[in-house]
Every structure is written in C-alpha cells, then in structure tokens.
Amino acid sequence: MQASDLELVIAGVLSGDRTWLAKAITLVESTNPVDREKASELLTRIALNTGGSLRIGITGSPGVGKSTFIDEFGTYLTEIGHKVAVLAVDPSSSISGGSILGDKTRMDRLASNPKAFIRPSPSSGVLGGVAKGTRETMLVLEASGFDAILVETVGVGQSEAIVSEMVDFFLVLLLPGSGDSLQGIKKGVLELADLIAVNKADGENELRARQSARDYQSAMVLLSPSNAGWAPPVLTCSGLTGQGVPAIWDQICLHRQHTQETGDWGKRRSRQQIQWMWALVEDRLIHSLKEKPEVAAFILETEDQVLAGGISPHLAAEKIIQLFKQEE
C-alpha cells in the first residue's frame, strides 16, 4: 500500500465509506510487516475519533441462538438511532485454517441494514478463538461512526475471558432448563457476566425460561460479580420475537451510567489498554521468532523432538528463547 493509498483509507474511514472501512479492517488484521506499519500509522491518525462507542461482548454455548439474538438486538438498536457494528468471530479449522464465515447469512436483517456493518473474522488459531486485530478493528469502526459494537464469541475455550477484557459490557446468553442444568454452566463465565439473558423465551418455552431465570438468579448470589456495586440482572428474551430485548438495552444503559458515576468505566478502559499492550508485545515477539529463517528451522526441529518425547516442552521453550536472544 502506497502512502497516497493510506491517505485514501483514512479519509474513507472518517467519512464512513464502507468500501474503505473494509480495506482498513483488512489492513489492521494483516500479519504482513509492511501492513503492520501502515496499520500502526492508521490507528495513530484516527485515534482522536475513537473510544466513543459502547462495546458489548455477547457469548453463549453453541445452539443458544447468539446470531438470531444479535440480529434482533442490533436491528432494535438501529431503530432507536444507533449505528451498529458486529464483529462475529468464527472458529477457524485447526487443520486447514479455513473458516465458515457464515454470519451474514445468519443475520439477514442486519446484513441488509444501512445502519449496520457485519465483519466476520476468522480466528486463525488465536487463543480462545478471538480474531487477531479485534481491538484494532473496534477502533476503526468507532472512527467510522459506529457507536454500538457487538462482539460475538465462539462460546468455547477461553474466548469469553478474552472478549470480556476488551468490552464495556459482557452479556451471557443461556438456554431454558431445569434446575439440574445449572450444574453444566461454567462458573467462570457467569462471574464475567454483567447481565444474563435466558434466550428462546417464546412459545412453549416461555414459562420454562422464566423458571430458569429464577434459578440462575439464585445461583448468581453465590458468585462474585465482575463489577463491585453492580448485581448482574437475569432476564428472559427471545431472538425470534424480540421479547425482552428493550429491557436488556435498558440494563446496559444503566450499567454504563453506574460505572461512569463510580469511575469504574474509566478504570476498566485503562486496564484494557494495558492488557492490549501486552497482547501486542506477545504477538510481535512470537512473529519475530518465526520471521528469522534459522530460528524458524530450529523451532520445527525442536517441535519434532517434543513430539518424539526426546525433550520436554519446558526445556524446548528455554532453548528457543536462548536462541532468540543470541539472534538479537
């Protein structure tokens, strides 16, 4: 990308042009060293136009109806005057590196909504299924005028914890179930939640969803909330009918007001900046290791030794680090 092209990208992002916005996101997601330099300049130039959105993480186990809910929730937000961006992080194949990237087909209304923007991003094997560059992508979207950013996690592994560290509000979707279903819920996920919503509360499921909400509310009393002074509410909703969606948004707004008044909003954003810094350091160090041909060859050889049981992972890591130091 030439310097003149970067100027066009920056101008396009700030004007809200979707074509240039997509090019900017592709740039910040790139692992190419030259692109990374351009992406860094891009982020510096748009910095004054970032930080004004409400960043909402949404998680839930497969089958809970995340995409249907987000389609309804995002549509509701556009109807009340917001510009909504969805970062739908897809699990990549550990074998082929491929990704389904089917979010636009699962969010029909948002996909055709002029006030919404959906960006499916393959996780490419990043820990927890969170796409590399998600934080940078949020900044680009904010600079382009989106004031509500929804980050959908894959709902597996450590993705919930990682996403909770980059958003202002963390919503956990659960399925209706009897009391025994509480045993199958990960305690750590509930402790991250700022709000729990029992989805699919429609038709014959509605009464069961309300009972489940009462059960989950009782269980929450035993857990430590992620934000002191805020008791995560438990609501019911339906991504199909829209029932409960306005109430969820009301709670998100109340949470924002509460955390801003107590100062927790700013503290949370500041902690995220530090976490982002170390995530970038870790990412750059790993790439630096693999970019050196001699180090890369040594790594492959060492991996073979670990696979064959000839060397322990701990000793292998030490050898790689020592070689990296010698190459500096």
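The values are calculated or read from the model by the stated rules, or taken from the named source; none is laboratory data. Remember, it's a predicted structure, so these values are computed and weren't measured experimentally. Counting neighbours? That spans all protein chains shown, and the Cβs are built from the backbone with ideal geometry, glycine included. Surface areas here come from the heavy atoms of the whole protein model, side chains and all, with no ligands, DNA or RNA. Shrake-Rupley method; radii C 1.70, N 1.55, O 1.52, S 1.80 Å.
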- Please identify the pairs in which a residue from segment 164-179 that is closer than 18 Å to T236 by Cβ and open to solvent by 20 Å² or more (accessible area, probe 1.4 Å) has its Cβ atom under 6 Å from the Cβ atom of a residue that is among the charged types (D, E, K, R) and modelled with pLDDT under 90, counting only partners at least 6 apart or on another chain. G179/D215
- Item | Among (1) in contact with a Leu (Cβ under 8 Å, 6 or more places away or on another chain); (2) outside any helix (DSSP H, G or I); (3) modelled with pLDDT of 55 or more - the single one A131 does not satisfy | (3)
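Considering V306, V295, V198, V245, which residue is under 30 Å from G52 (Cβ atoms), β-branched (V, I, T) and either open to solvent by less than 60 Å² (accessible area, probe 1.4 Å) or touching a residue at least 40 places away in the same chain (Cβ under 8 Å) (or both)?
On the way: V306 fails: under 30 Å from G52 (Cβ atoms); V295 fails: under 30 Å from G52 (Cβ atoms); V198 fails: under 30 Å from G52 (Cβ atoms).
Within the list V306, V295, V198, V245, the selection yields V245.
Restricting attention to segment 1-55, report how many residues are β-branched (V, I, T) and surrounded by 15 or more Cβ atoms within 10 Å (Cβ to Cβ).
Residues in segment 1-55 being β-branched (V, I, T) and surrounded by 15 or more Cβ atoms within 10 Å (Cβ to Cβ): 8 in total.
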- helices (runs of 4 or more DSSP H) contained in segment 1-57 and holding at least 2 residues under 20 Å from the mean Cα position of the chain (by Cα): 18-29, 33-46
- Message: Need the failing condition index for T78 against (1) at pLDDT 95 or above; (2) part of a strand (DSSP E or B), just the number.
- Response: (2)
- Is it true that R109 is among the basic types (K, R), over 16 Å from E152 (Cα atoms), at pLDDT below 95 and open to solvent by 10 Å² or more (accessible area, probe 1.4 Å)? yes
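I want to confirm something. Restricting to segment 134-160 and keeping residues that are modelled with pLDDT under 75 and on the phi > 0 side of the Ramachandran plot, which single residue is least open to solvent (accessible area, probe 1.4 Å)? Talk me through it step by step, then tell me what you get.
The initial filter retains those residues of segment 134-160 that are modelled with pLDDT under 75, namely 154-159.
Subset that is on the phi > 0 side of the Ramachandran plot: 155, 157.
Values: G155: 9, G157: 55 Å².
Top of the filtered list is G155.
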